[in-house]
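Here is the structure we will look at.
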Amino acid sequence: MFQLHYFVNHPYLGYPHEAAAEFGAVMLKFSNRHFDGERAAELFERYHEEYVVAEQVGFDSIVVNEHHSAPAAMSPSPNIFATVLAKVTSRVKIFIAGNILPVNGNPVRLAEELALIDLFSKGRLISGFVRGGAVESLAMSVNTLHNREIFAEAHDLILKTWTEPGPFVWEGKHYHYRCVNPWALPMQKPHPQIMIPGSTSRETVEFAAERGYPYVALATRLEATDQLFADYNEIAEQAGHVPTPGHRGYFTRVHVAPTDEQALEEGREQFGGRVAQITSMVDMKIHPDVAAWMAPPGYVSREAAIARRRYMGGTPYAFFTQGYEKALETRQMIIGSPDTVVRQLNELRLRFGVGHLGVSHFAVEDYGRTRRNLELLGEEVFPRLRELAAED
Amino acid sequence: MNDSDQHARVTLTGLAPLEVLRGGNGPTLVWLHGEEGQRGWLPHHARLAERFTVMAPTLPGIGASELPDWVNGVPDMAKVLLAALDDGGVRECILGGVSMGGWIAAEMASMEPARFAGLVLAGSQGTATGDMNTPDLFLMPYRRYISFGYNDARSGVFQDLWAGEFDDDAVTQDLEVMELSALLGFKPYMHDRSLLPALARYSNPALLVWGANDVITPPAVAERFLDALPASELATIADAGHYAHLERAGAFADAVIQFGAKLGTD
């Protein structure tokens, strides 16, 4: 069944952009002396209230994620958000997209925590697992060389913890347990739904497709997305799975207002605001170390690293440096009146054959605007999108 | 400079095939490169080869030297290299290394102290600086890190080796070296708490060669090795950074040759 997801980033709004522009980056080494606890506490109140609104307007899930050491997302543990969601909502799925397995460090404890979230929410957990951006491993001092191996081993261990009666011994390459036997297990059987979010890394597509896990593309460029779903379908079929729309998801940035004109005007401001949250790009000379934070040793294959060096095309901030008009033209943002947004989201749905569409809202200072965006989505966009999806 | 006139490439096998650049005559000096990699038979090799039989292994995981899949740190790496020396019949020699290679050499010396008549550590890693301002190999682009290892990165001696156009082979070695460095020194960052205490076992003479302006392993690090090694002395190379062997090859080689002469291994 066609599902609509609401992606909340939990950004810190209002740090001094001039300080970030001067430093040349808004992550990892951008000093937390610019953090204000009172401000953050206010913002968390608001984001938690937003969860409730998102449920009321008809989203099927609320999506939370994990990032470290950056104001763009104050979300060091998605499980904490998921716990709040379990208590303040009653219907929506709680989609963790996802826990960064290599950073988490203790798969058995993670399996236990996720079990509690599933129990607290009466079986509403969707558990996403990710490798994380390289910078997350650097922030947590986890050896990037082993990222892929740890990801796969932690996944296997969590799945076994959920599905095979304990106690059992685990002697892997990276994890060693004498006695795995957590008492509290998930409510969903055989285990909570697993979905794999990604941003086109071929290995992650393979990981999901081989296991028949739905793959969710996170605001990837459209042509790259065509290719990754073609790859996904081929690999899944080879592995004996029958890929359906439910196996494919696409999340993108959406803003809706009563008219195209108003939406486009607000969207420009929001694009600028998100650019500033992530990059302070407006007047920023990028710090010379940032490229290394995106590609530390072993994080990508040598072939990919050589290719990247040879064709210096991709920059870490490609989305943000392209500018607002280009972002609209390439459909990296869906912005407009309800009619426009229905049409463009439906085009993406059909183009990728996805059964999951995700809306990532750009948080702005004006919370009223966020609420209006959500209400318009619920009242005018979703019913029509669901009708169109049901007609297929 | 014509490489082939001065050195040969040989392969030793102990626990895994190890490529070694070998040249010169005299007592054997085994010289380990560090995270700067094996960038050919360079001036410091040539100068050392005037007095020593220089054996410069390419560290496992780089180029033709194979990395066994069980290697997970410097002690494992030391075992691989000791086994290769066994295979090469290298019984008594002077052992030295630079930066991460110095750390590996120190580990080898603590394991088999009697085997090495002399130990040369140049800007050796293996102890923590604990300083946020120390350049971190994994938090910046590789060649930018290397540039911090020079007293003057605008000099021709840096530019010639690191700053020109470089081909896919050079980039491949950058990646191989980075991956090996991450395997050995990502966490804890480039150190091992057991290294200095265990060096007390090594009572033969040791030379610490340090660039006067080393910011990667600042001179205070040399002091720690001086304290840890019972019979050690320090040679400071003026106008040099961390990679003194590359930046001031002549002065560096002179210090090592002088040390070797005192050992009476000729």
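The values are calculated or read from the model by the stated rules, or taken from the named source; none is laboratory data. Keep in mind the model is a prediction, meaning the values are calculated, not measured. A quick note on method: Cβ atoms are made from the backbone with ideal geometry, for glycine too, and the neighbour counts reach across all protein chains shown.
Quick check on my filter: what residues within the stretch B:209-223 are part of a helix (DSSP H, G or I), buried (at least 18 other Cβ atoms within 10 Å of the Cβ) and not aliphatic (A, V, I, L, M)? I'd like the intermediate steps shown before the answer.
Step one: of the stretch B:209-223, the residues part of a helix (DSSP H, G or I) are B:219-223.
Filter once more, keeping what is buried (at least 18 other Cβ atoms within 10 Å of the Cβ): B:221-222.
Result: no residue meets the conditions.
Checking the condition at pLDDT 95 or above and exposed (fewer than 15 other Cβ atoms within 10 Å of the Cβ), which residue from B:W41, B:W70, B:W31 passes? First the steps, then the outcome.
Numbers: B:W41 fails: exposed (fewer than 15 other Cβ atoms within 10 Å of the Cβ); B:W31 fails: exposed (fewer than 15 other Cβ atoms within 10 Å of the Cβ).
The unique qualifying residue is B:W70.
Hey, could you check the stretch A:285-301 for residues that are among the hydrophobic types (A, V, I, L, M, F, W, C) and within 24 Å of A:F151 (Cβ to Cβ) and say which is nearest to the chain's Cα centre (by Cα)?
Filtering the stretch A:285-301 down to residues among the hydrophobic types (A, V, I, L, M, F, W, C) leaves A:286, A:290-295, A:300.
The next check asks that each one be within 24 Å of A:F151 (Cβ to Cβ); those that pass are A:290-295, A:300.
Working: A:V290: 21, A:A291: 21, A:A292: 22, A:W293: 19, A:M294: 17, A:A295: 19, A:V300: 20 Å.
So the residue we want is A:M294.
Let's see how each residue does on (1) crowded, with 22+ Cβ neighbours inside 10 Å; (2) modelled with pLDDT of 95 or more; (3) assigned to a strand (DSSP E or B):
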position	(1), (2), (3)
A:Y6	yes, yes, yes
A:L13	no, no, no
A:E22	no, no, no
A:E42	no, yes, no
A:Y47	no, yes, no
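State which residue is surrounded by the most Cβ atoms within 10 Å (Cβ to Cβ) when the search covers only the stretch B:44-63 and only residues that are over 22 Å from B:D254 (Cβ atoms) and hydrophobic (A, V, I, L, M, F, W, C).
Restricting attention to the stretch B:44-63, the residues satisfying the condition of being over 22 Å from B:D254 (Cβ atoms) are B:57-63.
If we keep only those that are hydrophobic (A, V, I, L, M, F, W, C) too, we end up with B:59, B:62.
Numbers: B:L59: 28, B:I62: 21.
Among them, the one singled out is B:L59.
Does B:S110 fit the bill of being among the hydroxyl-bearing types (S, T, Y) and closer than 25 Å to B:R248 by Cβ?
So B:S110 fails the test.
Okay, residues lined up against (1) at pLDDT below 95; (2) of a type outside the set (G, A, S):
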{"site": "B:G211", "(1), (2)": "no, no"}
{"site": "B:I216", "(1), (2)": "no, yes"}
{"site": "B:R224", "(1), (2)": "no, yes"}
{"site": "B:A240", "(1), (2)": "no, no"}
{"site": "B:A253", "(1), (2)": "no, no"}
{"site": "B:Q258", "(1), (2)": "no, yes"}
{"site": "B:T265", "(1), (2)": "yes, yes"}
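Here's a check for you: in the stretch B:134-150, which residue that is facing chain A (nearest Cβ under 9 Å) and either of a type in the set (F, W, Y) or under 10 Å from B:G241 (Cβ atoms) (or both) is surrounded by the most Cβ atoms within 10 Å (Cβ to Cβ)?
B:F138
Given the structure, is A:G128 in a strand (DSSP E or B), within 12 Å of A:G98 (Cβ to Cβ) and more than 14 Å from chain B (Cβ to nearest Cβ)?
Working: in a strand (DSSP E or B): yes; within 12 Å of A:G98 (Cβ to Cβ): yes; more than 14 Å from chain B (Cβ to nearest Cβ): yes.
The answer is yes for A:G128.
Go through (1) farther than 28 Å from A:R124 by Cβ; (2) over 24 Å from the mean Cα position of the chain (by Cα); (3) not acidic (D, E) and name the single condition A:R202 misses.
For A:R202, the exception is condition (2).
Considering only residues that are touching a strand residue (DSSP E or B) at 6+ places or on another chain (Cβ under 7 Å) and in a loop (DSSP other than H, G, I, E, B), which ones fall in the stretch B:24-35?
Across the stretch B:24-35, the qualifying residues are B:G24, B:N25, B:G26, B:P27, B:H33, B:G34.
Go through the stretch A:334-354 and count every residue that is under 19 Å from the mean Cα position of the chain (by Cα) and surrounded by fewer than 18 Cβ atoms within 10 Å (Cβ to Cβ).
Here is the first cut: in the stretch A:334-354, the ones under 19 Å from the mean Cα position of the chain (by Cα) are A:334, A:345, A:348-349, A:352, A:354.
From what's left, surrounded by fewer than 18 Cβ atoms within 10 Å (Cβ to Cβ): A:348.
The total comes to 1.
If a residue must be out of contact with any strand residue (DSSP E or B) (no Cβ under 8 Å at 6 or more places or on another chain) and touching a residue at least 60 places away in the same chain (Cβ under 8 Å), how many such residues does the stretch B:84-110 contain?
Within the stretch B:84-110, the first condition is being out of contact with any strand residue (DSSP E or B) (no Cβ under 8 Å at 6 or more places or on another chain), and the residues that meet it are B:86, B:89, B:91, B:100, B:110.
From what's left, touching a residue at least 60 places away in the same chain (Cβ under 8 Å): B:86, B:100, B:110.
Selection size over the stretch B:84-110: 3.
Of B:G126, B:G130, which residue is touching a His at 6+ places or on another chain (Cβ under 6 Å), of a type outside the set (K, R) and more than 25 Å from B:H7 (Cα to Cα)? Walk me through it before giving the result.
Working: B:G130 fails: touching a His at 6+ places or on another chain (Cβ under 6 Å).
Exactly one residue qualifies, and that residue is B:G126.
Looking at (1) within 14 Å of chain A (Cβ to nearest Cβ); (2) in contact with a helix residue (DSSP H, G or I) (Cβ under 8 Å, 6 or more places away or on another chain), which is the one condition that is false for B:D214?
(1)
Could you please find all residues in the stretch A:161-218 being among the hydrophobic types (A, V, I, L, M, F, W, C), more than 23 Å from A:T244 (Cβ to Cβ) and part of a helix (DSSP H, G or I)?
From the stretch A:161-218, those among the hydrophobic types (A, V, I, L, M, F, W, C) are A:162, A:168-170, A:179-180, A:183-185, A:187, A:194-196, A:205, A:207-209, A:216-218; that's our starting set.
Checking which are more than 23 Å from A:T244 (Cβ to Cβ) leaves us with A:162, A:168-170, A:179-180, A:183-185, A:187.
Matches in the stretch A:161-218: A:W162 only.
Filter the stretch A:219-266 for residues that are in a strand (DSSP E or B) and acidic (D, E) and give the result.
Taking the stretch A:219-266 first, the residues in a strand (DSSP E or B) are A:248-256.
Listed by number, the list is empty, since nothing qualifies.
Restricting the first residue to the stretch B:174-186 and requiring it to be at the interface with another protein chain (Cβ under 8 Å from one of its Cβ atoms), which pairs with a second residue that is surrounded by fewer than 24 Cβ atoms within 10 Å (Cβ to Cβ) and in a helix (DSSP H, G or I) meet a Cβ separation below 7 Å and a spacing of at least six or different chains?
Hits for this filter: B:L175/A:R302; B:L175/A:A305; B:M178/B:Y142; B:E179/A:L145; B:A182/A:L145; B:L183/A:L145; B:F186/A:L145.
Return the only residue of A:H155, A:H146 being in contact with a strand residue (DSSP E or B) (Cβ under 8 Å, 6 or more places away or on another chain), surrounded by fewer than 23 Cβ atoms within 10 Å (Cβ to Cβ) and assigned to a helix (DSSP H, G or I). If you could, list the steps in order and put the result at the bottom.
On the way: A:H146 fails: in contact with a strand residue (DSSP E or B) (Cβ under 8 Å, 6 or more places away or on another chain).
Among A:H155, A:H146, only A:H155 is in contact with a strand residue (DSSP E or B) (Cβ under 8 Å, 6 or more places away or on another chain), surrounded by fewer than 23 Cβ atoms within 10 Å (Cβ to Cβ) and assigned to a helix (DSSP H, G or I).
For B:R144, all conditions in the list (1) in contact (Cβ under 8 Å) with a residue 24 or more places away in the chain; (2) more than 19 Å from the chain's Cα centre (by Cα) hold save one; what is the number of the exception?
Only one criterion in (1) in contact (Cβ under 8 Å) with a residue 24 or more places away in the chain; (2) more than 19 Å from the chain's Cα centre (by Cα) is unmet by B:R144, namely (1).
Quick one: how many residues across the stretch A:307-324 are crowded, with 17+ Cβ neighbours inside 10 Å and either at the interface with another protein chain (Cβ under 9 Å from one of its Cβ atoms) or modelled with pLDDT of 80 or more (or both)?
The qualifying residues number 1.
Only one residue in A:V108, A:V142, A:V169 is away from chain B (no Cβ under 14 Å) and touching a Pro at 6+ places or on another chain (Cβ under 8 Å). Which one? Steps first, please.
Working: A:V142 fails: away from chain B (no Cβ under 14 Å); A:V169 fails: touching a Pro at 6+ places or on another chain (Cβ under 8 Å).
Exactly one of A:V108, A:V142, A:V169 is away from chain B (no Cβ under 14 Å) and touching a Pro at 6+ places or on another chain (Cβ under 8 Å), namely A:V108.
Looking only at the stretch A:158-167, filter to residues that are surrounded by 14 or more Cβ atoms within 10 Å (Cβ to Cβ) and within 12 Å of A:P190 (Cα to Cα); which one of those is nearest to the chain's Cα centre (by Cα)?
If we take residues in the stretch A:158-167 being surrounded by 14 or more Cβ atoms within 10 Å (Cβ to Cβ) and within 12 Å of A:P190 (Cα to Cα), then A:L159 is nearest to the chain's Cα centre (by Cα).
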